[in-house]
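These notes are about the structure you will find just below.
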Amino acid sequence: MPKTTACEPLSFTEAARGVVAMARLAGERHWVPATSGNFSVRIDHARAALTATGADKARLTEADVIEAEISGAKHPRASAEAPLHLMRYAVDPSIGAIAHIHSLPATILSRAHERAGFFRLEGWELLKAFSGIKTHETVLDIPIVPNDQDTDRLAALIEERLAEAGPVPGYLISGHGLYTWGASAGDAIRHMEAFDFLLTAELQQERAR
């Protein structure tokens, strides 16, 4: 999954609609229980639209979306996890949207495999749903990082781990859930769906052993 050129700029309204679309889908799939999760769409090189703190993602409206500076002062309505979004945008200009969900398989497997430091996805046809992957004969080692309430520190650790891992479409936080991204909100939605299927299949396989 090679990096591409920077994303085309969007208006705040266009970006907010993408945030709402991701959040509403996640709510329908029960991936964001109890107002958990967060979503964002890049506006341009300097700004992004993010879900505001405390918003119910399953019932999100554009009023629940804020405009934040990627490398500037913290927005007063930004969630605690905003740094995990904003640092990803700062590091990789090809990222246009980021989704964070608390799906059950992602949360369980992140705890079960925390000691290994990664979770391997290999041989599944649906790996081709991730941007840039053309064959099921692919091995993806998805990084797992320990949870940390200091999200600035956590964001820095995540970027270190991602730099070591090479191109991957997401990562897991132990006991917390999944972060995934794409060039657009549509790509991020596809990646959420692919991860949920793949991690559900892996969890069922583990339980059957």
Legend entry - Matching residues in the stretch 78-123 - criterion: being in contact with a strand residue (DSSP E or B) (Cβ under 7 Å, 6 or more places away or on another chain), open to solvent by 10 Å² or more (accessible area, probe 1.4 Å) and within 21 Å of residue 186 (Cα to Cα): 86, 88, 102
Inset, instruction - Look through the stretch 169-209, keep the residues that are among the hydrophobic types (A, V, I, L, M, F, W, C) and not in a helix (DSSP H, G or I), and return whichever of them is most open to solvent (accessible area, probe 1.4 Å). - result: 183
Legend entry - Extreme residue, surrounded by the fewest Cβ atoms within 10 Å (Cβ to Cβ), among residues of the stretch 24-35 that are in a loop (DSSP other than H, G, I, E, B) and more than 13 Å from the chain's Cα centre (by Cα): 30
Legend entry - Every residue from the stretch 44-59 that is surrounded by 17 or more Cβ atoms within 10 Å (Cβ to Cβ), over 17 Å from the mean Cα position of the chain (by Cα) and part of a loop (DSSP other than H, G, I, E, B): 55
Inset, instruction - Determine if the stretch 73-95 includes at least one residue that is at positive phi and not in a strand (DSSP E or B). - result: no
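Conditions tested, residue by residue: (1) of a type in the set (Ser, Thr, Tyr); (2) at pLDDT 95 or above; (3) over 22 Å from residue 22 (Cβ atoms).
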position: 109; (1), (2), (3): no, yes, no
position: 117; (1), (2), (3): no, yes, yes
position: 142; (1), (2), (3): no, yes, no
position: 151; (1), (2), (3): yes, yes, no
position: 158; (1), (2), (3): no, yes, no
position: 172; (1), (2), (3): no, yes, no
Inset, instruction - Only residues in the stretch 40-54 that are touching a residue at least 60 places away in the same chain (Cβ under 8 Å) count as the first member; pair them with residues that are assigned to a strand (DSSP E or B), Cβ under 6 angstrom, at least 6 apart or cross-chain, and list the lot. - result: 41/49; 41/97
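The values are calculated or read from the model by the stated rules, or taken from the named source; none is laboratory data. Nothing here was measured: the structure is a model prediction, and the numbers come from that model. Note that each Cβ is placed from the backbone with ideal geometry, even for glycine, and that neighbours are counted across all protein chains shown. Protein only, heavy atoms only, side chains kept; ligands, DNA and RNA dropped before computing areas. Shrake-Rupley method; radii C 1.70, N 1.55, O 1.52, S 1.80 Å.
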